[in-house]
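In what follows, a structure is listed as structure tokens, so that the remarks can point back to it.
The values are calculated or read from the model by the stated rules, or taken from the named source; none is laboratory data. What you see is a predicted model; the values in this text were computed from it and never measured. With ideal geometry, Cβ positions are generated from the backbone for all residues, glycine too; neighbour counts draw on all protein chains shown.
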Amino acid sequence: MISSQRNQVLHDGAVLYQTRYTITKLLPVDNFYVLLEESPLGILYNNNVTAISAAGELLWKAEVLPSVSGAVDNPYMDLWETNGELWASNWIGWSVQLDLTDGHILQKAWAK
């Protein structure tokens, strides 16, 4: 069974993958997993969505959403799958659809 604890992805209790910061969401998608790391206050960390294989290999890091407000600190805050599409959103109010094969942004939508 796959789970997360602090900054580790675990498979039956054994460390499968380790991140820099705490994992706030671990989402099974197709035959791999996408995880969302927190972006700690006072630390610039926008590259916080990662896809890993079932074997714990890094597949891709999500494209960072360019800031339209001038804010430099622009991490993703949520992650979800809808109808086979992977979406992430930031604190400013943008939601983006991420390509399941490479993490690039396919489309963005204003959510606030």
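Cβ-Cβ distances below 9 Å connect the following pairs, each with a first residue in the stretch 90-112 that is farther than 19 Å from Thr24 by Cα and of a type in the set (D, E, K, R), a second residue that is part of a loop (DSSP other than H, G, I, E, B) and modelled with pLDDT under 95, and a separation of six or more residues or different chains: Lys108/Leu65; Lys112/Ile92; Lys112/Gly93.
Each residue in the stretch 55-78 was checked for being at pLDDT below 95, of a type in the set (A, V, I, L, M) and over 15 Å from the mean Cα position of the chain (by Cα), and 3 of them qualify.
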